[in-house]
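Everything below concerns the one structure shown next.
Each value in this text was obtained by applying a stated rule to the coordinates, not by laboratory testing. In this text the structure is predicted, and so the values were computed from the model without any measurement. Neighbour counts run over all protein chains shown; Cβ positions are idealised from the backbone, glycine included.
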Amino acid sequence: NAGVTQTPKFRILKIGQSMTLQCAQDMNHNYMYWYRQDPGMGLKLIYYSVGAGITDKGEVPNGYNVSRSTTEDFPLRLELAAPSQTSVYFCASSWDITDTQYFGPGTRLTVL
Amino acid sequence: DAKTTQPNSMESNEEEPVHLPCNHSTISGTDYIHWYRQLPSQGPEYVIHGLTSNVNNRMASLAIAEDRKSSTLILHRATLRDAAVYYCILSPRQGAQKLVFGQGTRLTINP
């Protein structure tokens, strides 16, 4: 199993550009999550999904959108990138509602 | 959400035990205590979790106080690879697993 994979590993965006961060898992997990981690800080939850077709906001959803059309994929969309979105983004998944979360390697995004 | 308090940093020597404390005085009766760690330039990884009883696994042990207001993660024999930021997180038994990460404890292991 590859576990949780994320692409790209690094990206530089200009202010106002948009992009999609990809996340996929091959563990047939129902739950998937997107977090961001600013330098020296802990992770903050952006959005999560409890199954295909169902998503909900986390602590810091503004400026982001998500969709979950399949069990495996949970892309995160940034519209109109801003410098405040410079961060490392982690995707995670879990089997059920209280289970251990498995994290991907992260995407380092810089907005200039 | 109930909060946790951890020391910002700790230091230990290789092959010695490490005890990482966590205070969670406002824990509710249904909150699980989770520990994750984050190695440099990687995503967090699960270490251990428990509810009321002490727990052991191949990575570590979790000692939970009788009143559940504090817990201690024990690494029995630290290696250089254990150098990481360790997060103590409370999560409700019911509802989506929304992990709230604080700043954690940065553990340094000296050779």
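Tell me whether the protein assembly as shown comes out rounded, prolate or oblate; compute the Cα gyration tensor, take square roots of the eigenvalues as a ≥ b ≥ c, and use a/c under 1.5 as the rounded threshold.
On the way: a/c = 1.92, a/b = 1.50, b/c = 1.28.
It comes out prolate by the Cα gyration axes.
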Residue A:79-residue A:9 FRET efficiency (beta carbon distance; Förster radius 22 Å; 0.05 resolution): 0.50
Label-point gap, in nm, between residue B:8 and residue B:110 - each point 7 angstrom along Cα→Cβ: 2.0
Rounded, prolate or oblate (a/c below 1.5 giving rounded, otherwise prolate when a/b exceeds b/c) for chain A by Cα gyration tensor: prolate
Loop-located chymotrypsin sites (Phe, Trp or Tyr not before Pro) in the stretch B:1-94, at most 16 other Cβ atoms within 10 Å (DSSP): none
Dipole magnitude of chain B, debye to nearest 20 (Cβ charges: Lys/Arg +1, Asp/Glu -1, about Cα centre): 300
Cα-centred dipole magnitude for the protein assembly as shown, charges only on beta-carbon of K, R (+1) and D, E (-1), debye, nearest 20: 520
GluC sites (Glu not before Pro) restricted to DSSP loop in the stretch A:1-83 with at most 14 other C-beta within 10 Å: A:59, A:79
Efficiency of FRET between residue B:81 and residue A:26 - r from beta-carbon atoms, R0 30 angstrom, step 0.05: 0.70
Dipole-positive endmost among B:47, A:62, B:26 within the protein assembly as shown (Cβ charges, Cα centre): A:62
Loop-located trypsin sites (Lys or Arg not before Pro) in the stretch B:32-111, at most 13 other Cβ atoms within 10 Å (DSSP): B:58, B:69, B:77, B:93
Residues residue A:50 and residue B:59, FRET efficiency given R0 of 25 Å [Cβ-Cβ distance, rounded to 0.05]: 0.35
